[in-house]
Amino acid sequence: MKKYIPFVNVSDNGIHIERTSIECPYCHKIHIPEMYSAIRYKNGNECFILCECTDKDCGFAFTRVYNIRKEEFMDIIQAKLKSRGFNDEVEKLSPSFVQIYNEAYSAEQMKLSQITGVGYRKALEFLIKDYLISLHPDKEDCIKAKFLGNCIKENISDAKIKSVAQRAIWLGNDETHYVRKWEDKDVSHLKALIDLCLHWIEAEISTRKLLEDMPEGKNR
Ligand SMILES: [Zn+2]
């Protein structure tokens, strides 16, 4: 049996929709939902239907996209999560860092607190190792195989990057181990330390480029 659903955003009257079972995005049970109103999408072929789950333990409201021409509901579309952009130097230096960081950021937005920190810890490892490989391309295999802590101790000469990276690892390791050593620190502190590492690495790369661009010999 069809139900008449009025459009709320256009002057057309509304749409008749067959009352069919669909999956609730909250409880994931398949029920015929209550349908209240529709917003016609700008392409004219689809509309958003405001539904209410009829499961007695759920009852959440949600919208589902309905294809007007095909007369059917479309698959559940996930809202897009935010992603963080990094400057070109960092994108070039370590595309893996950018990808892993944003996967961790997605986990954070989904409140997946047990794996968010582990993701940021992994992102940090790729950032630092890719940075070190860019400084010492001849030692690539050795750097890849080494523990991150040893890379920082043995391969980073800049004192500031070294001390910040070391602390980022301490907190990062806390995210992967059973017992926390830094109980008063959390993912926000780890992210702040990653930002500091990024800051020093970006400054170091820019400085190195500028010095290559303006060698001392030219001033004679
Ligand atoms: Zn439900």
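The numbers here are math on the coordinates, done by the rules we state, and not lab data. All of these numbers come straight from a predicted model, not from anything done at the bench. All Cβ positions, glycine included, derive from the backbone under ideal geometry; neighbour counts span all protein chains shown.
Note on the chain: with a GNM built from Cα contacts shorter than 10 Å, the maximum mean-square fluctuation among ALA159, ALA203, ALA61 falls on ALA61. Highest GNM mean-square fluctuation among ASN102, ASN155, ASN13, for the chain modelled with Cα contacts below 10 Å: ASN13.
Charge dipole (Cα centre; +1 on Lys/Arg Cβ, -1 on Asp/Glu Cβ; no other charges) of the chain amounts to roughly 100 debye.
Amide H contacts of THR63: CYS51, each under 5 Å away and 5 or more positions distant or on a separate chain (H built 1.01 Å from N in the peptide plane; Pro and chain starts excluded). When only the Cβ of Lys, Arg, Asp and Glu is charged (+1, +1, -1, -1), the dipole of segment 2-76 relative to its Cα centre reaches about 200 debye.
Backbone N atoms of segment 132-146 closer than 15 Å to the 7 Å Cα→Cβ label point of LEU211 belong to residues 135-136. Between GLY44, VAL90, HIS136, the Cα set farthest toward the positive side of the dipole of the chain (charges on each charged residue's Cβ, about the Cα centre) is that of GLY44. Sequentially through segment 31-48, phi angles give Karplus couplings (6.51, -1.76, 1.60; θ = phi - 60°) of 9, 7, x, 6, 10, 10, 8, 10, 10, 6, 6, 4, 6, x, 8, 10, 9, 9 Hz, Gly and Pro residues having no value and appearing as x. Setting aside same-chain residues fewer than 8 positions from LYS139, which aspartates and glutamates have a Cα under 14 Å from its Cα? By straight Cα distance, LYS139 reaches ASP130, GLU154. Look at the alpha carbon pairs under 8 Å that are at least 6 residues apart: their mean separation over the length of the chain gives a relative contact order of 10 percent. What are the DSSP H helices in the chain that stretch 24 Å or more along their long axis, judged by alpha-carbon atoms, and whose average Kyte-Doolittle hydropathy comes to at least -1.0? Helices meeting the span and hydropathy rule in the chain are 113-135, 159-176, 187-213. Out of the trypsin sites (Lys or Arg not before Pro) in segment 35-103, which ones are loop residues according to DSSP with at most 13 other C-beta atoms within 10 Å? Loop-located and lightly packed - LYS42, LYS56, ARG69, LYS70, LYS80, LYS82, ARG84.
Sequence-distant contacts, meaning Cα pairs under 8 Å at least 6 residues apart, place the relative contact order of segment 88-219 at 24 percent.
Would you calculate a helix-derived [θ] at 222 nm for the chain, using -39,500 (n - 2.57) for each DSSP H run of n ≥ 4 and dividing by the full residue count, to the nearest 500? List each step's numbers first, then the result.
Working: 7 runs with 103 residues, N = 220.
Here the helix-only value at 222 nm equals -15500 deg cm²/dmol.
For the chain, set up a Gaussian network in which alpha carbons nearer than 10 Å are linked by springs, and say which option among ILE39, ILE100, ILE205 fluctuates the most. Result: ILE39 has the largest fluctuation of those listed. Distance distribution P(r), the chain, all Cα-Cα pairs, bin width 10 angstrom from 0: 7, 24, 20, 14, 15, 14, 5, 1, 0 percent.
Rg/Rh for segment 2-76 (Cα atoms only, Rh after Kirkwood) is 0.96. Taken as Cα centroids, segment 123-172 and segment 44-89 sit 42 Å apart, rounded to the nearest whole angstrom.
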